[in-house]
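The values are calculated or read from the model by the stated rules, or taken from the named source; none is laboratory data. Remember, it's a predicted structure, so these values are computed and weren't measured experimentally. For neighbour counting, all protein chains shown are included, and Cβ atoms are generated from backbone atoms with ideal geometry for every residue, glycine included. Calculation scope for accessible area: heavy atoms of the full protein, side chains included, ligands and nucleic acids excluded. Shrake-Rupley method; radii C 1.70, N 1.55, O 1.52, S 1.80 Å.
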Amino acid sequence: MIVLILVALAVASIPLVGGSFAALTKLPVRATWLVVFGFGIQFLVISVVPDLNHNLAVAVHLTSYGFATVFFVLNRKIAWMWLVGLGGLANLVAIAANGGVMPASAWATRVAGHLEETNKFANSAVVDHPRLQFLGDVFAIPASWPFSNVFSIGDVLLVIGCVLVLHAASGARWTRPAADPVEQTDQRISALR
């Protein structure tokens, strides 16, 4: 959820950094439905039917990453998409290494104020003997803040990647290549004549 909120804020910030929504519409993204469907089935398993059979829930959770992987492959040539893919891969590796659940640190879970419900599927949970814990949900937004949650380094890479993809596609000032200093000097000299 926090990833979606931060991506929405990145979109909203486009005009503030000299970007254009019109330019953003020209981004050659293919098969967006794959990501929408992947998030949709994740939401279904996590929020709508969390008491689904654990093995089925794990299979659906991992399948959602399959849809995201196909989306990435189809769109890998878009500027900065590699960073989005790296973030997704980091999350997928951590989840796959821990039986279909993102390993959360006890500290992050406590700080975020998350209570663990043992009879329901959780995409992120404290697990016994976690593998690749450093890729898990080890960061937290405190419970006293809005949108408190736990998150991973993969989530951080995903958000940064999405910001860079969106801002570069929109033509934001800070993503444009710097002008050649020699060319700028020539232009100033020409302007003085």
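What pairs come up if the first residue lies in the stretch 127-153 and is hydrophobic (A, V, I, L, M, F, W, C), the second is open to solvent by 100 Å² or more (accessible area, probe 1.4 Å) and outside any loop (DSSP other than H, G, I, E, B), and their beta carbons are under 9 Å apart, counting only those six or more places apart or on different chains? So the pair list comes out as Val138/Trp107; Ala140/Trp107; Ala140/Arg110; Ala143/Arg110; Ile153/Phe134. Within the stretch 86-108, the residues that satisfy the criterion of being farther than 21 Å from Ala59 by Cβ and either of a type in the set (Asp, Glu) or surrounded by fewer than 21 Cβ atoms within 10 Å (Cβ to Cβ) (or both) are Leu86, Ser105, Ala106, Trp107.
Among the residues of the stretch 1-53, the one identified as within 26 Å of Ser148 (Cβ to Cβ), of a type in the set (Ser, Thr, Tyr) and open to solvent by less than 60 Å² (accessible area, probe 1.4 Å) is Ser13.
Scanning for something among the charged types (D, E, K, R), within 17 Å of Phe121 (Cβ to Cβ) and either within 15 Å of the chain's Cα centre (by Cα) or open to solvent by 20 Å² or more (accessible area, probe 1.4 Å) (or both), does the stretch 56-76 turn up at least one residue? No; the residues of the stretch 56-76 include none that is among the charged types (D, E, K, R), within 17 Å of Phe121 (Cβ to Cβ) and either within 15 Å of the chain's Cα centre (by Cα) or open to solvent by 20 Å² or more (accessible area, probe 1.4 Å) (or both).
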